[in-house]
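Comments concern the structure below.
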Amino acid sequence: MADEYQVIYEYSAGNTLSFKTNDLNITYNRLFMSITLRPDGKMYVNDPNKAQRVFTFSAIISGDDMNTLNTVQTGSITYSGAYPRIQKIYFDGDTTITNVEVAITALQTRDLGNGWWTVQITMTEKTD
């Protein structure tokens, strides 16, 4: 397990925010999967192969980054093409997840003082 992860969020072409976190959590969901237990005791699985990831983490960011995040989240984000997305998650320098289209579905912020903020973010993968 890495001591610290870096999540780079690209909210529009070339515009990014970087979060350093030590509590990255990735939940993998199989959408529309159903499991049926038959009367004979056998299990039947219907899986249309639709998957979705949910990324949650917290980070401490500067007031400038908080202002950008606030402006982006309260403004009108255009969900088109490849944006917004997780441009890259660095796990250990070599291992990464790249280019995952997401929507920030939960954002909680708290002022720490002296120009610093703590943020708790949930990013949900967009599916087609």
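We did not get these values from a lab; they are worked out from the coordinates using the rules stated. As the structure is a prediction and not an experimental result, all values here were calculated from the model. Every residue, glycine among them, receives a Cβ derived from its backbone with ideal geometry; neighbour counts consider all protein chains shown.
Rounded to the nearest 20 debye, the dipole size of segment 5-125 about its Cα centre is 400 debye, using +1 on the Cβ of Lys and Arg and -1 on the Cβ of Asp and Glu.
Once the Cα-Cα distance is subtracted from the 0.36 nm per residue extended length, the Thr109 to Ala51 segment shows a gain of 18.0 nm.
As a length-normalised measure over Cα pairs under 8 Å and 6 or more apart, the relative contact order of segment 6-128 settles at 28 percent. Would you be so kind as to identify which of Tyr28, Tyr9, Asn67 lies farthest towards the positive end of the dipole of the chain, taking Lys and Arg as +1 and Asp and Glu as -1 on Cβ and the Cα centre as origin? In the chain, that residue is Tyr28. Here the Karplus curve 6.51 cos²θ - 1.76 cosθ + 1.60, taken at θ = phi - 60°, turns the phi angles of segment 33-47 into couplings of 5, 10, 10, 10, 9, 7, x, 7, x, 7, 9, 10, 10, 10, 10 Hz, with x standing for Gly and Pro. Loop only per DSSP, at most 12 neighbouring Cβ atoms within 10 Å: give me the chymotrypsin sites (Phe, Trp or Tyr not before Pro) in segment 27-128, ordered by residue number. Here the sparse-neighbourhood loop sites are Phe32, Tyr79. With bins 10 Å wide beginning at 0, the percent of Cα pairs of segment 32-128 falling in each bin runs 13, 33, 28, 14, 9, 3, 0.
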